[in-house]
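Below is one structure, written out as C-alpha cells; comments come after it.
The values are calculated or read from the model by the stated rules, or taken from the named source; none is laboratory data. This structure is a prediction, so every number in the text was calculated from the model and none was measured. Please note: Cβ atoms are built from the backbone with ideal geometry, for glycine as well, and neighbour counts cover all protein chains shown. Ligands, DNA and RNA are excluded from the accessible area calculation, which covers all protein heavy atoms including side chains. Shrake-Rupley method; radii C 1.70, N 1.55, O 1.52, S 1.80 Å.
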Amino acid sequence: MTFWTLFLVVSLIYHVELTQGNKCVPKLFENAESVVCVCNATYCDSVVPVFQMDRGTYAVYTTSKAGLRLDKTVLLFDNPHTNYEDKALPVITINRSESHQTVLGFGGAFTDAAAINIKNLSAATQDNILLSYFSGNGIEYSLGRVPIASCDFSTRNYSYDDTPGDFNMSKFTLAPEDLQFKIPVISRAMQLSTEAGQPLMLFASPWSAPYWMKTNQDMTGEGTLKGDISGEYFQAYARYLIKFLESYQYYNITFWGLTVQNEPTDGFIPSFPFQAMGWTPTMMRDFIKEVLGPVLKENGYADLKLMILDDQRLLIEEWADIVRALPLKIVWDRWKAIP
C-alpha cells in the first residue's frame, strides 16, 4: 500500500486523550485512481484533533490511495519498528533550535463554482461540508482566496462596473454570485474558523479589470489597462479594488491581503481563453508605488498585505528583484509586501 504522511506532530511532555473520528465512507468513481469520501446531510468524515501527547509518543496522520484520509495513529519513539511491517523507515531529525520560513496556513479558494455547488445542496449538507473544512473536527483551513468579480471558475464573464467611462465607480455593485453564493459561504466559514480558535485569513485576487478599462475591450484574451500609470484608467482601477474591499466589509468580511493580479503574464498571451490582464514587474511596481499604495492608505487599508506575482515560481526571482529595487516603504509608513 502506498502512503503519504501529511504531517507529524511531536510532543514529549503532555497527556494524550484520543477520540475516534468519523471514518471516510469511500466512493470510487469510474476511471478514478482513488476513492473520495462521501459527505451528506447525515454523515461526513472528520479528523481527530491534535491533542497534547504522552511523553515518548507521537502522532502520524496518513492519507492513502486505498482510502485512508488523515487517519491518526499514535506511536512510540522507543520502538517504532513495531508499528509498521516496513522495517526500512526514514529517520526524521527535528532541530528545534533552528527555524526557517513560517507557514501562514493552508486553505482554498471561494470561487463562484465552489460557492454555487455548496449552496445548491441541502442546508444540512452545506454545513457538514463547511465543518469538514473549517471546524476543529475538520482539516481547519485557515486561509481563503476570494476572486474579485469573475474568473475561470465562473459561469459567465462579469465585472462590478460594466458602465464605460464610470471612472468614479458610481455604478459599482456586487454581483448575484457574491450576494447569493460567495458571501454566505464565506461568512459561515469565518464563523467556524473563529470557533475553532483560528480566525480565517482572507485575501482577494482580481483576474481582470472591467472590459472598458482594457486595451482589448475584453475581460479575456491579450490585454492590459489602457494608458499609463498616471492616467485615469489606472486611477479608476485602484478605486475599483477599494470598492470591492468596502463592499465586502459591509457584510462584515474583511481581508488580510490582496494580490495585485492573478497570473499577470496570462494577459500577454494572444487569445487567452479566460479572464486575464497583463502586467510586467515594472508596471506592477509602479502601480503599487504611484497609485494603489496611496489609495489603500487614504482609504484605511494601510495594513493590507500586498502580494506580487500571483503566478508561476519560474518568474519569482526576476519579479522580486525588480519590485524590491524601488524603496517601496516611501509609499506609506506601514506598507508590507509578500513576494
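Structure data summary
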{"item": "Per-region count, the stretch 273-295, residues among the hydrophobic types (A, V, I, L, M, F, W, C), touching a Ser or Thr at 6+ places or on another chain (Cβ under 6 Å) and over 21 Å from Glu318 (Cβ atoms)", "result": "1"}
{"item": "Cβ pairs under 6 Å, 6+ apart, first in the stretch 91-118 and aliphatic (A, V, I, L, M), second in a loop (DSSP other than H, G, I, E, B) and surrounded by 10 or more Cβ atoms within 10 Å (Cβ to Cβ)", "result": "Ala113/Phe153"}
{"item": "Residue list for the stretch 255-274, restricted to those being acidic (Asp, Glu) and in a loop (DSSP other than H, G, I, E, B)", "result": "Glu263"}
{"item": "Residues (farther than 15 Å from Leu225 by Cβ and assigned to a strand (DSSP E or B)) located in the stretch 165-215", "result": "Met201, Leu202, Phe203, Ala204, Ser205"}
{"item": "The stretch 59-74, residues that are more than 14 Å from Gly21 (Cα to Cα) and surrounded by 19 or more Cβ atoms within 10 Å (Cβ to Cβ)", "result": "Ala59"}
{"item": "Matching option when the condition is at pLDDT 90 or above and in a helix (DSSP H, G or I), among Ala41, Ala113", "result": "Ala113"}
{"item": "Residue in the stretch 10-18 that is at pLDDT below 70, touching a strand residue (DSSP E or B) at 6+ places or on another chain (Cβ under 6 Å), exposed (fewer than 14 other Cβ atoms within 10 Å of the Cβ) and part of a strand (DSSP E or B) present", "result": "yes"}
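For (1) at negative phi; (2) surrounded by fewer than 21 Cβ atoms within 10 Å (Cβ to Cβ); (3) among the polar types (S, T, N, Q), each residue gets a yes or a no:
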position: Ala175; (1), (2), (3): yes, yes, no
position: Asp178; (1), (2), (3): yes, no, no
position: Pro184; (1), (2), (3): yes, yes, no
position: Ser187; (1), (2), (3): yes, yes, yes
position: Gln191; (1), (2), (3): yes, yes, yes
position: Glu195; (1), (2), (3): yes, yes, no
position: Trp207; (1), (2), (3): yes, no, no
position: Pro210; (1), (2), (3): yes, no, no
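To keep it simple, each residue is scored yes or no on (1) out of contact with any Gly (no Cβ under 9 Å at 6 or more places or on another chain); (2) open to solvent by 20 Å² or more (accessible area, probe 1.4 Å); (3) modelled with pLDDT of 95 or more.
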{"site": "Tyr233", "(1), (2), (3)": "no, yes, yes"}
{"site": "Tyr237", "(1), (2), (3)": "yes, no, yes"}
{"site": "Leu241", "(1), (2), (3)": "yes, no, yes"}
{"site": "Gln249", "(1), (2), (3)": "yes, yes, yes"}
{"site": "Ile253", "(1), (2), (3)": "yes, no, yes"}
{"site": "Gly257", "(1), (2), (3)": "yes, no, yes"}
{"site": "Val260", "(1), (2), (3)": "yes, no, yes"}
{"site": "Asp266", "(1), (2), (3)": "no, no, yes"}
{"site": "Ala276", "(1), (2), (3)": "no, no, yes"}
